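The values are calculated or read from the model by the stated rules, or taken from the named source; none is laboratory data. If you're wondering where the values come from, they're calculated on a predicted model, not measured in any experiment. Cβ placement follows ideal geometry from the backbone for every residue including glycine, while neighbour counts extend to all protein chains displayed.
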Protein chains: 2
Amino acid sequence: LDYQHVQVPFEITLWIMLASLAKIGFHLYNKLPSVVPESCLLIFVGLIMGGIIYSLNDKSPPVMDSDIFFLYLLPPIVLDAGYFMPSRPFFENIGTILLYAVVGTIWNVFGIGFSLYGICQVKAFQLQDVSLLHNLLFGSLIAAVDPVAVLAVFEEIHVNEKLHILVFGESLLNDAVTVVLYKLFRSFCEMPAIKSVDVFAGVGKFFVVGLGGVLVGLIFGMTAAFTTRFTKDIRVIEPLFVFLYSYLSYLTAEMFHLSGIVAIIACAMGMKRYVEANISLKSHTTVKYFMKMWSSVSDTLIFIFLGVSTIGENHEWNGPYICFTVIFCLIWRALGVLVLTFFVNRFHVNTITGKDQFIIAYGGLRGAICFSLVFLLPDFRRKKLFIAATTVVILFTVFVQGMTIRPLVDLLAVKRKRESAPTVGEQIHIRFLDHLLAGIEDISGHWGQYYWKDKLEYFNSKYLQKILLREYDQPKSSIVLLYEKLERKHAIELAEAGQLGHAPSHPFLLCAGLLCSNNDRTAITDKKLEDTLNPDVLENIQEILARNLYRIRRTGPAYNRHTLPGETEPVEHAKEILILRHKSL
Amino acid sequence: LDYQHVQVPFEITLWIMLASLAKIGFHLYNKLPSVVPESCLLIFVGLIMGGIIYSLNDKSPPVMDSDIFFLYLLPPIVLDAGYFMPSRPFFENIGTILLYAVVGTIWNVFGIGFSLYGICQVKAFQLQDVSLLHNLLFGSLIAAVDPVAVLAVFEEIHVNEKLHILVFGESLLNDAVTVVLYKLFRSFCEMPAIKSVDVFAGVGKFFVVGLGGVLVGLIFGMTAAFTTRFTKDIRVIEPLFVFLYSYLSYLTAEMFHLSGIVAIIACAMGMKRYVEANISLKSHTTVKYFMKMWSSVSDTLIFIFLGVSTIGENHEWNGPYICFTVIFCLIWRALGVLVLTFFVNRFHVNTITGKDQFIIAYGGLRGAICFSLVFLLPDFRRKKLFIAATTVVILFTVFVQGMTIRPLVDLLAVKRKRESAPTVGEQIHIRFLDHLLAGIEDISGHWGQYYWKDKLEYFNSKYLQKILLREYDQPKSSIVLLYEKLERKHAIELAEAGQLGHAPSHPFLLCAGLLCSNNDRTAITDKKLEDTLNPDVLENIQEILARNLYRIRRTGPAYNRHTLPGETEPVEHAKEILILRHKSL
C-alpha cells in the first residue's frame, strides 16, 4: 500500500465526492430542501463530520485554509455569478448597488467597530485590552455581506429581480471596500503611529482597487473573446479559454492587490456576448454546465468546511462581546439600509418599498469570506475571541436568518419574481422604448443610463464586434427560415397587389411613421427611424422571435444553481413543428 | 506585487494557456497539421522553449515531474481513450491484443536487454560497468509502446479499425506488464542476491496487477453507474461523477501498486452504457466534451514538457549505446510482431496481412511514459546515459516514424477506415448474426466469444440493468413515435384483413420461422426465437433505426481527438423531418 504517493489528489477527490454525495442525499427527499436551505444542511453535515474527527483524534479538525478558499473555491462561484448575472437589472440599478456596497459597507464597518469599542469600555466584560483599531479591523471583516451565502439562500426564495440584484450585487461589489478597509486597518494595527496621509491614501485606494479590478477583468475578457475567434478548427478546447482567462483575471488582480471578485465579474460579463457568438452550441452548453457544476461543488465544499472548522479549540468565549456583535450587525445594517434607501428613493420614481428594505436588511448574510479573513489576522491575544464571534455571526445569519427568510417573504407577500420569461411583444417593446428613451435623453441634454447604453451599443457594433467576433454565416434555425420564407411570400403578394406604396405593412414602419409625423424636425428621431429599418435590427427581432416561440410555454426560475435555463430537449421542438405542420395541412 | 501568493495556480494556468494557444496556432494554417503530426510540432515548441529557458538561466530547464505526469496528465488521456474505445473491435481482437501486450512486451524487454548487454561487452565502447540487470531494467522501460504517442499519430492517419485497435489496445494494456517488469528489475537491482522464488513471484504478479486493475476499475465503474441513478434532481453535478469515480479508480489502483491505466479503462468501459442511459443529454455532451478537452490539453502539455525536458545537462552521450538502442528497439519489435502474428494467423480466418504487420511494428512509438520511468530510476552512475538513450529513442520514434508513417500508409495502400457509419441494415444483420453464432457455438459446444457475449448480455439485462439503470420513461424521438404509429396502423390493417394467422409479416418473424423449420428440435433455437420476438429486442431495433436515420448521411472518422462524433445540430433533423413531411404530403 502506497498511500503517501497518491494522498493529495486522492483526498481532494474524496472531499469533492463527499460534497457531491451529500448534495444527492438532500435532493433524494424532496421535502427537506423546501424547508431548510441547502447551506444550513451542509454546515450541519460539516459540524457532524468535525465532531467525529474531533472525538476520534482528540484535537481540533483541520481549519479551512484561507489560501485554498480564496484561490480555488471562491473563483468558480464568482465566475458563475458573473457569467449568469442578469445584466439589464444590474446596470439599471448600478447606482443603488454601488451606494449600498460602498457607503453601506463603510457605514457598517465604522458603526460596528465604534459601538463594539463602546462595549469594551464596560469594565464588567473584561475587554478593556481590545483597542479601537482592533475593533474597527473586526468590524471591517464582519461587515461584509457574503455573496456565496446570499446566493445560496436567495436562489431558493425567488424574490423579484430588482430585490435580488440589489442584495446580490451589493454582496459582490463590497469586496473592493472590504479588501481595502481590512488591509488598511491591519496595517494600522502594526504601525506605531497613524498619519492623516495614510488615511487619505486609504480612501484613494478604494478607487484603485475597484476600478483596477474592472480594468483587469475587461482586458482579460476582451482577450478571451478575441482568442475564441480562432478556435473554429479545434472546437473541443473552446470552453477552456472561458475558464482560463477568467481565472487569470482573478489571479492577476489578486497579485496586484486589486479586487479579484470585481475583476472576474467584469471579465465574465465582458466576454459573455462575444464568446457566446463565437463558440459552437455544444461548447457553450459545456461552458454553462461546467460553470454550474464547478460553482455548485465549490459552494458545497465551502459550507461543509465551514461546519468542520467550527468544531475545535480555536474559540475564546466571551458572552457579551459575541452577543453584542450579533446585535450590532443586525442594527447597523438595518439603519444603513433605511438611511441609504431614503436617499435612493428621493431620486428614483421606482422606489424601494418598506418590505423590500426589510428583506435587504434581513438578507445580509455573512459567510466564508468573513471566516477566511478572520483566520488571516495576525496573531494577537484576542484573535480567538474574534474567531468565536465571527463563527457565531455566520451561524446565526445562515441558520436563523436563512431559515426564516422564506416564511417572512411569504408572510409579507414580497413581490416575487415573474415565473415566465418576457414574451416577444414585451421584448420588442422594451427594445423600442430603450431607443426612444435614449433619444429623449439626448434631446433633453440629460446624459442618463439610456444615453450611455446607446453610445456603448454603438461603440460595440462599430468597433468591438468587428475585432472580437468571428465572421461566419450563423446557422439559422428552421423556424427562422420558415418565417423568412413566409415573409418573402407575403411581400411578393403585396407587391403584386400594388399595396406596397400605400401603407407600410410592417408594424415597425407603422410605429416609426407615427413617431415621425409628431417630431419630424428632430434629427434624432430620423436616426431612430433608420435604426428601425436597419436590417440588423430586423434580424435581431427575427432572432428573438425564433428564440421565444417555444420558450413562451416554458415556465421556471431564470437563475438557479441546480438547473440550467432552457432544459427542454430539441426533440420537443421537432415534435411540435411536426404536429403544427400536420394540423395546418 | 504579491506573486508568491498566486504563483502555483498562476503558473499552472499559464502553462495550460500556452498549450492551448500553441494548438490554436497550428490549426490556423491548415497545411501544417496535414504534413507534420501535432505531437512533433509540440515537441518542437517545447525544444525551443527549453532552449530559451536554458540560454536565459544558464542551467537546465525544469524536467517534467514524474508524479505530475502519472497523477495528473496521464489519467485524462487514458480516460478519454477508454471511454471512447470502440468496444466491439476491442473485444473481438482481445486475444491478439493481449498476446502482443503481454508476450510481445516481454519479448521486447528481454530481447533489448540481452542484446544491449552484448553491446556492453565490447571493450571499445567503454560500457563494461553496465550490468545485465541494469540493461534489463532499461529494456523494461524502453520496450513499452506509449498510448499517448500512438493515439496522437494514429488518430490522424485513419487506418482500418482492426489495425488501429491492435496497436492502440496493445499500447494501453502493456502498462500492466511494464509496471511489473520495471518494478521487478528495479528491486532486483537493489537486492544483493536474487532467488528463483522472486522470479516466480514476479511472474505471478502479472496476473495480480492486470486483473486487479480490471477489478478495481469495474467496481468503481459500477458504483459510478449506480450513483447516477439518483441524480435526477441535480443534473448539473452528473458529469462530475464520471470524472471522480474514474480518477478514484486510477488512484486506488496506483495505491495498491496495480495498473492504474488498466483500472481506468475498465472503469470507463464498464460504466459507459449505464451512465449514458442515466444522465441527461446535456450532461452527456458535457462529459464527452470535457473529456476530449481535458485529454487534448494533457496531451499537449506532455509533448511540450517532453521538448522542454530534452534540453539541458541531464545526458551522458555514448554514441554506440544510443545507436544500438534505437536499432534494437526497431529490430526486436519487428521480429516480435512477425513471430506473434504467425501464431495468431494460424488460429484465425481473418488474418493480419503483411502490410498490417509492418504498420503494427512501425507504429510502436515510445513517449512520455518511458521518459517518466527513466527519471524515476534510482540514482546510479549510468542514469544519465539511460536518460540520453531514452530521449533519443522517443525523438526518433515520434519524429522519424511519426512523420513517415502517413506516407508509408499511402504508399502501401493499407486498408483505410471506412468513412461512413454502418447502415441500419448492416447493424440489424450484425446483431442477428451475433445471435445466430451464439446459438451455433452453443450447439457445437465451443464456448467462444459469441457465447460469452450472449451470456454477458443476458446477465446484464437480467441483473445489472435493474440495479444500475434508473427507471424512467425514455423520451422517444418523434421519428420513433411516428414509426410506432405506422406499425400499429399496419398491424390493425393486417388484423382486419385476417392475414395475421397465415403469414408473419415482420421480417424477423419470417427469419425466425425459417430457422425454426430447419432446426425445430433444438431447444436453443427456440430460445433465440423467443429472443427475437422479445419486445426488448424490437425496441432496441427501433432505437437503432431512430438513431441511424440521420447518421447514414453523415461521414467522418469515428475517433478523433479534435472532434466529437455526431456534431450535426438537432435543428438539422427538424428541418429534414419538415422537408420529408412536406414532400410526402
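The conditions of being closer than 30 Å to A:Val159 by Cβ and in contact with a strand residue (DSSP E or B) (Cβ under 8 Å, 6 or more places away or on another chain) are not met by A:Glu426. Selection of helices (runs of 4 or more DSSP H) fully inside the stretch A:377-477 by the criterion of at least 1 residues being over 24 Å from the mean Cα position of the chain (by Cα) and closer than 29 Å to A:Leu281 by Cβ returns A:424-444, A:449-459, A:465-468. For A:Glu316, the criteria (1) surrounded by 24 or more Cβ atoms within 10 Å (Cβ to Cβ); (2) among the acidic types (Asp, Glu); (3) at pLDDT below 85 hold in every case but one, which is (1). Scanning the stretch B:1-20 for residues that are facing another protein chain (nearest Cβ under 8 Å) and under 26 Å from the mean Cα position of the chain (by Cα) yields a count of 2.
Name the single residue that is nearest to B:Val150 (Cα to Cα) among those in the stretch B:40-65 being without any contact (Cβ under 8 Å) to a residue 24 or more places away in the chain and in a helix (DSSP H, G or I). Selected residue: B:Leu41.
For the stretch B:217-241, the tally of residues that are more than 10 Å from chain A (Cβ to nearest Cβ), free of Cβ contacts under 8 Å to residues at least 60 places away in the same chain and surrounded by 24 or more Cβ atoms within 10 Å (Cβ to Cβ) stands at 4.
The number of residues in the stretch A:246-279 being at the interface with another protein chain (Cβ under 8 Å from one of its Cβ atoms) and under 25 Å from B:Arg235 (Cβ atoms) comes to 1. For the stretch A:228-250, the condition of being small (Gly, Ala, Ser), more than 17 Å from the chain's Cα centre (by Cα) and at negative phi holds for none of the residues.
Quick check on my filter: what residues within the stretch A:285-305 are of a type outside the set (Asp, Glu) and more than 10 Å from chain B (Cβ to nearest Cβ)? Those that are of a type outside the set (Asp, Glu) and more than 10 Å from chain B (Cβ to nearest Cβ): A:Ser298, A:Leu301, A:Ile302, A:Phe303, A:Ile304, A:Phe305. The set of residues in the stretch B:27-39 being at the interface with another protein chain (Cβ under 9 Å from one of its Cβ atoms) and in a helix (DSSP H, G or I) consists of B:His27, B:Leu28, B:Pro33.
Taking (1) away from chain B (no Cβ under 14 Å); (2) free of Cβ contacts under 8 Å to residues at least 40 places away in the same chain; (3) within 27 Å of the chain's Cα centre (by Cα) in turn, A:Ile68 satisfies each apart from (1). Of note, B:Ile77 does not satisfy the criterion of being within 27 Å of the chain's Cα centre (by Cα) and within 11 Å of chain A (Cβ to nearest Cβ).
Can you name every residue in the stretch A:336-351 that is surrounded by 21 or more Cβ atoms within 10 Å (Cβ to Cβ) and within 17 Å of A:Ile165 (Cβ to Cβ)?
Answer for the stretch A:336-351, where residues must be surrounded by 21 or more Cβ atoms within 10 Å (Cβ to Cβ) and within 17 Å of A:Ile165 (Cβ to Cβ): A:Val337, A:Thr341.
Could you list, in sequence order, the residues of the stretch B:265-306 that are in a helix (DSSP H, G or I), more than 17 Å from the chain's Cα centre (by Cα), small (Gly, Ala, Ser) and surrounded by fewer than 24 Cβ atoms within 10 Å (Cβ to Cβ)? Hit for the stretch B:265-306 is B:Ala277, nothing else. For the structure I just gave you, tell me whether B:Arg346 is free of Cβ contacts under 8 Å to residues at least 24 places away in the same chain and either among the aromatic types (Phe, Trp, Tyr) or away from chain A (no Cβ under 14 Å) (or both). When the stated conditions are applied, B:Arg346 passes them.
On the basis of being of a type outside the set (D, E, K, R), in the same structural domain as B:Leu395 (by the TED database) and not in a helix (DSSP H, G or I), does B:Ile165 make the cut? No: the conditions fail for B:Ile165.
Checked across the stretch B:139-149, the condition of being at pLDDT 85 or above, more than 11 Å from the chain's Cα centre (by Cα) and among the charged types (D, E, K, R) holds for at least one residue.
On the given criteria, is A:Leu71 on the phi < 0 side of the Ramachandran plot and out of contact with any Gly (no Cβ under 8 Å at 6 or more places or on another chain)? Considered against the rule, which asks whether it is on the phi < 0 side of the Ramachandran plot and out of contact with any Gly (no Cβ under 8 Å at 6 or more places or on another chain), A:Leu71 comes out as yes. Considering the stretch A:352-376, and only residues there that are of a type in the set (A, V, I, L, M) and part of a loop (DSSP other than H, G, I, E, B), the residue that is farthest from A:Glu313 (Cα to Cα) turns out to be A:Ile352.
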